[in-house]
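Throughout, read-outs are computed from the coordinates displayed, never taken from laboratory work. What you are looking at is a predicted structure, and each value in this text was computed from that prediction instead of being measured. Cβ coordinates were reconstructed from backbone atoms using ideal geometry, including for glycine residues, and neighbour counts include every protein chain displayed.
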Amino acid sequence: MAQVLAEVRLAGSPLQSYRHVCAFFRSPDEFYTVLLPFIKEGFDRHERALHIVDPKLREEHIRRLEAVGIDTTAAEVSQQLELRVWEEAYLRGGHFVPDAMLTLLDERLSAGLTEGFPLTRLVATVEWALQDRPGVDDLVEYEARVNYLAASHADPLVCCYDLTQFSAGLVMDILRTHPMAIIGGTLHENPFFVPPDQLLVELRGREPTARN
């Protein structure tokens, strides 16, 4: 059964019932300008934060959180902050398996409630999908399937993409998997969204193509 929706603000607007969001950015500064208020709101409300980041940028991420008054050490000890790098989430074992990642995400969202947090706010960067790793071509299928998971959780799920690195074709496919999108720092209901039942049939009928 889905949780009761608590008001959440993202990119200056209230996030309604559709909480699977693709967030497009062109720089780290834009990323943090848009997302830090959302992240800080969650900490101030004693909600849980699940962040998945590039291992090379983990320390920078901590520095950015601390710059807005988040005690990351205390938050990790209390389990309010769960900070994972890509190899601890999407790329466990050196490759991407959508089923395994969906199971992990479901477990971590459910654990937040078990541990007493009313919501878990996911912020995850996705540039791992540009690496030459087995399974990364399943990214779009995975994002489509996240919508089934989102339907049973009230938690906001923000998937972050660097527009300077992803191809236009892949960005368009990613848009089709998210009912909400942040573009130009503003939250929009996404007119390009395709329900997962329909999109998955289409994806499975495609010939394999390069992702870039």
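Quick look at the values:
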item	result
Strands (runs of 3 or more DSSP E) within segment 116-205 that include 3 or more residues surrounded by 21 or more Cβ atoms within 10 Å (Cβ to Cβ) and either among the β-branched types (Val, Ile, Thr) or free of Cβ contacts under 8 Å to residues at least 60 places away in the same chain (or both)	120-125
Which listed residue is of a type in the set (Asp, Glu), in contact (Cβ under 8 Å) with a residue 12 or more places away in the chain, out of contact with any Gly (no Cβ under 7 Å at 6 or more places or on another chain) and loosely packed, with under 15 Cβ neighbours inside 10 Å, from 87, 66	87
Counted residues, segment 35-92 - those being among the hydrophobic types (A, V, I, L, M, F, W, C), under 19 Å from residue 117 (Cβ atoms) and not in a helix (DSSP H, G or I)	7
Residue that is farthest from residue 94 (Cα to Cα), among those in segment 21-63 that are surrounded by 15 or more Cβ atoms within 10 Å (Cβ to Cβ) and small (Gly, Ala, Ser)	42
Residue match in segment 163-171 (condition: within 29 Å of residue 7 (Cβ to Cβ) and within 18 Å of the chain's Cα centre (by Cα))	yes
Residue tally, condition touching a Ser or Thr at 6+ places or on another chain (Cβ under 9 Å) and either among the basic types (Lys, Arg) or within 19 Å of residue 156 (Cβ to Cβ) (or both), over segment 64-80	1
Residue 24 vs. criteria touching a helix residue (DSSP H, G or I) at 6+ places or on another chain (Cβ under 9 Å) and part of a strand (DSSP E or B)	yes
